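The values are calculated or read from the model by the stated rules, or taken from the named source; none is laboratory data. The structure presented is a predicted model; accordingly, all values stated were derived computationally and were not measured. Here the Cβ positions follow ideal geometry from the backbone for every residue, glycine too, while neighbour counts run over all protein chains shown.
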Amino acid sequence: MALGTSGFGFHSRGLSGWQSAPHAMSLRFLDQGAAARARFSATWSDQITGATDLTFQAALIRMNIEAEAAHQAAFANSNSVVGKPRDSTILAGASTINLDEDTITLGDGTVLDIKTGQNIDLIV
């Protein structure tokens, strides 16, 4: 055997070149795999972000629709008379409000006009 050859007849430089090709292919494969993982990860992240944004937008629209419906229902109920208010209400200090006559009777018996605040006993 001559110097610089192996038992297979390859030159030592050729053998190391032959061994480096699979190594380079392995490195290229690993780099391509890492790049593919990065692209998949970015795509997945974008999809999740987009889906989250759409979910929040749909929830916001639904909440606005429900709030508007509740507002409309409250407005409709406020325009209709549900029942007649009580004619009089007794407050602390034995004062009484009479909504039919628009008067307040104080605990000491003084009667006041609700609209003007004047004592009715004095109005002639």
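For segment 77-124, name all the residues that are of a type in the set (K, R) and at pLDDT 80 or above. Break it down stepwise before answering.
Of all residues in segment 77-124, those of a type in the set (K, R) come to 84, 86, 115.
Once the filter is applied, which keeps residues that are of a type in the set (K, R) and at pLDDT 80 or above, segment 77-124 yields only K115.
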Which pairs have Cβ atoms under 7 Å, sit 6 or more apart or on different chains, and link a residue in segment 15-33 that is part of a helix (DSSP H, G or I) and at pLDDT below 90 to one that is of a type outside the set (K, R) and exposed (fewer than 10 other Cβ atoms within 10 Å of the Cβ)?
-> none
